[in-house]
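Here the structure comes first, spelled out in structure tokens, and everything after it is commentary.
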Amino acid sequence: MLHRAGYDDVTVFERGERVGGVWNHNTYPGAACDVPSHLYEFSFAPNPRWSRRYAPQAEIQEYLEDVARRHGVLERIRTGTEVTHARWDEQRERWLLQTSAGPHEADVLITACGQLSVPKAPAIPGIDGFGGPVFHTAQWRHDVELAGKRVAVIGTGCSAIQAVPAIQPIVAQVDVYQRSPGWTIPKMDFPYRGPTQRLFERFPLAQRIDRMAILAFMELGVLAMTGRRRLFRPFRRALLGGFRAVGRRQIEKAIQDPELRAKVTPRDEVGCKRIMLTDDWYPTLAKPNVELVTEPIAEVTAGGVRLADGSERPADVLVLATGFNSHGFVAPMEIVGAGPRTLAEEWGQVPHAYLGMSVPGFPNMFLLYGPNTNGGTGSVIYTIEAGVNHVIAALGELERADARRIEVTRQATEAFDRELRAALAGTVWHAGCTNWYVDENGNDPSQWPWLWSTYRRRTARIQPGAYELSTSAGDRVRTG
């Protein structure tokens, strides 16, 4: 997008050996997107050849590499290179970076580290003393043979509901350890066969219409989770009630055992935790070699998992489907802005940024997929595109003013933060359940509490007065 806007002096540092981010690192069995393929793609690079309604991991990885190759940006990407430290040089008005390959200087710094990139290990006593292989779903050990083994999977979130059905046919036993159940709805996945792919190739409008229909459905889900106006409340209750009825029907259709039904039926409000899409989770839990364990874990032993009731379940392999450290945003990189003040010091206990992108005291720096740019529904690709549009608009302001520095004002940041917190307070994510969006103090640095079309609109231009520019002559002016 920067290249298409005329900015060619761009260097990308990627600590992985390939581009692709989450789709490069998460290669566990069954890994796939839970956003339909036609919305989980760049608007400027539609792919009519997706093999399925919901693309699998390897296909998304291939698509991302192909886009980078076709648009001539692979040669600008330095893979296998991690940025460990970035510091704003006030006198030179430049960013000084320390990377695993040496120092680097830049006029503008864009952090695109991903919100869910650092795996989180559970704090379970004895886990280091387990006698067999232990690995996180994001660090899957493909060298570990699972056929005929007893596998313990800790967690029942988005990666577990994909991995467990994929490994169930080959293992001797899989024990799934659940802390609390989450709501699901049918995924209704299906293949795109040759005639359908040719239709999308010959008539691109058909794919665009499908993309718009998916986005409209997603926005409907957002309204159900965030709508607060009094006139909207009956509609919101009806939407959430509909999701709840579909989720219960899915459980009842697949599971006959009343005890297992009770274990997997959530008691939280729909959407308070992330709604998961699946067609095979509940049928898998009903298989004879699968056991859903809800008794709390006391410790991991050398040969298995000991529960709070004193019983021990044997295991040969331990799989951690326990999510990510979700509120780091730039971790483990350290960023020092003007002042000097680190980004961690500026944020304190709660990460925050204007439109999730800009932080006062950190000139010429923009975050992609930063604080409060996640959603209970929606495509991250869509969000990232909106963020880059904002970066391009900011670079345009620099050029028009013949300026060297652009920095969001503290006044604009604080006003946005007040607006954001007020909107978050009425959402379903703050309905009292435990989720990864909200921290132990009730702060939510993750969710965007409005429509995603609203995010795209608000990031498309630079709001008058939101940013301050410093010209080459040393003058300071406000945007607009």
Where the centroid of each part is defined by its Cα atoms, how far is the range 63-101 from the range 245-324 in Å? 41 Å
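Classify the range 77-228 as rounded, prolate or oblate from the Cα gyration tensor: take a ≥ b ≥ c as the square roots of its eigenvalues, call it rounded if a/c is under 1.5, otherwise prolate when a/b beats b/c and oblate if not. Don't skip to the answer; put the middle values down first.
Working: a/c = 1.84, a/b = 1.10, b/c = 1.67.
Oblate.
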Taking a ≥ b ≥ c as the square roots of the eigenvalues of the Cα gyration tensor of the range 160-199, is the shape rounded (a/c under 1.5), prolate (a/b larger than b/c) or oblate? oblate
Sparse-neighbourhood loop sites, GluC sites (Glu not before Pro) in the range 85-140 - DSSP loop, at most 15 other Cβ within 10 angstrom: GLU90
What does the extension gain come out to for ALA344 and THR196, with contour length at 0.36 nm per residue minus their alpha carbon separation? 48.4 nm
Where labels lie 7 Å past Cα in the beta-carbon direction, separation of SER100 and SER51 in nm: 3.0 nm
Hey, what angle do you get for helix 410-424 against the long axis of the chain, alpha-carbon based, 0 to 90 degrees rounded to 10? 20 degrees
If a cysteine in the chain has no other Cys Cβ under 4.7 Å from its own Cβ, put it on the list, ordered by number. CYS33, CYS113, CYS158
Using a Cα-Cα cut-off of under 15 Å, which aspartates and glutamates could be cross-linked to LYS253, ignoring same-chain neighbours fewer than 8 residues away? ASP279, ASP280
Of the GluC sites (Glu not before Pro) in the range 406-480, which ones lie in a loop per DSSP and count no more than 12 other C-beta atoms within 10 Å? GLU440
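State whether the range 197-290 is rounded, prolate or oblate according to the following rule on the C-alpha gyration tensor (a ≥ b ≥ c being the square roots of its eigenvalues): a/c under 1.5 gives rounded; otherwise a/b larger than b/c gives prolate, and the remaining case gives oblate. Write out the running numbers ahead of the final one.
Values: a/c = 3.42, a/b = 1.27, b/c = 2.71.
Verdict is oblate for the range 197-290.
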Would you list which lysines come within 17 Å of LYS149, measuring only between C-alpha atoms, while excluding same-chain residues fewer than 8 positions from it? LYS287
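About the Cα centre, and with charges only on the beta carbon of Lys, Arg (+1) and Asp, Glu (-1), how big is the dipole of the chain? Nearest 20 debye, please. Please list the in-between numbers first.
Details: 55 positive and 54 negative charges, 386 e Å.
So the magnitude is around 1860 debye.
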Just to confirm the number: angle between the C-alpha axis of helix 233-254 and the first principal axis of the chain, 0 to 90 degrees, nearest 10? 40 degrees
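Of the beta bridges DSSP finds with both residues in the chain, what % are antiparallel, to the nearest 5?
Within the chain, antiparallel bridges account for around 50 percent of the total.
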Positive dipole terminus of the chain, leading residue within PRO103, VAL319, LEU64 (C-beta point charges): LEU64
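List the GluC sites (Glu not before Pro) in the range 1-60 that DSSP assigns to loop (not H, G, I, E or B) and whose Cβ has at most 16 other Cβ atoms within 10 Å. Which are they?
Details: sites: GLU14, GLU17, GLU41, GLU59; in loops: GLU17, GLU41.
Here the GluC sites (Glu not before Pro) that fit, given the DSSP loop and packing criteria, are GLU17.
Every number here is computed from the coordinates shown, using simple stated rules; none is lab data. Treat the numbers as computed from the prediction; the structure is a model and nothing was measured. Backbone-built Cβ (ideal geometry, glycine too); neighbour counts: all protein chains shown.
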